[in-house]
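What follows is a set of notes on a single structure, which appears directly below.
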Amino acid sequence: MTVHANMMDEDAGVALAKQAVATFEQVYLPAPQSVGDISFDAVSSGSGQLDQVIQWQAGKVVYQVKAQEMATAIKMAASMQ
């Protein structure tokens, strides 16, 4: 899992990481077969959008979930079990 933040607002990255861990304690994601990636943005890159992305492999299929909110991305991925 990677949380991106900028130096001007590094506390936002720590806060988002803590929220993610708290959510993971309640919601279980599908286990990847061999490869998985989670990337969360704590601060908008200027376009006003936050890219919260979860990817994992199952067999020959790679799944990807994108959402504006971190909790939404986690819940969407968990619902695909």
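The values are calculated or read from the model by the stated rules, or taken from the named source; none is laboratory data. Since the structure is predicted, the reported quantities are computational estimates derived from the model, not experimental observations. Glycine also receives a Cβ, built like all others from the backbone with ideal geometry; neighbour counts cover every protein chain displayed. With ligands, DNA and RNA removed, areas are computed over all heavy atoms of the protein, side chains included. Shrake-Rupley method; radii C 1.70, N 1.55, O 1.52, S 1.80 Å.
Quick notes on this structure:
- Candidates are the residues of region 6-27 that are over 17 Å from ALA78 (Cβ atoms) and open to solvent by 90 Å² or more (accessible area, probe 1.4 Å); the one that is modelled with the lowest pLDDT is GLU10.
- Among the residues of region 56-72, the ones that are within 14 Å of PRO32 (Cα to Cα), of a type in the set (S, T, N, Q) and in contact (Cβ under 8 Å) with a residue 12 or more places away in the chain come to 1 in all.
- For the criterion of being more than 9 Å from the chain's Cα centre (by Cα), outside any loop (DSSP other than H, G, I, E, B) and free of Cβ contacts under 8 Å to residues at least 60 places away in the same chain, LYS75 passes.
- Residue match in region 47-55 (condition: of a type in the set (Gly, Ala, Ser), touching a Leu at 6+ places or on another chain (Cβ under 9 Å) and either free of Cβ contacts under 8 Å to residues at least 60 places away in the same chain or part of a loop (DSSP other than H, G, I, E, B) (or both)): no
- Candidates are the residues of region 46-68 that are closer than 13 Å to VAL3 by Cα and open to solvent by 30 Å² or more (accessible area, probe 1.4 Å); the one that is nearest to the chain's Cα centre (by Cα) is ASP51.
- Qualifying residue in region 28-40 (condition: part of a helix (DSSP H, G or I), modelled with pLDDT of 90 or more, within 25 Å of GLN81 (Cα to Cα) and open to solvent by less than 30 Å² (accessible area, probe 1.4 Å)): no
- Condition check for ASP41: in contact with a His (Cβ under 7 Å, 6 or more places away or on another chain) and among the charged types (D, E, K, R): yes
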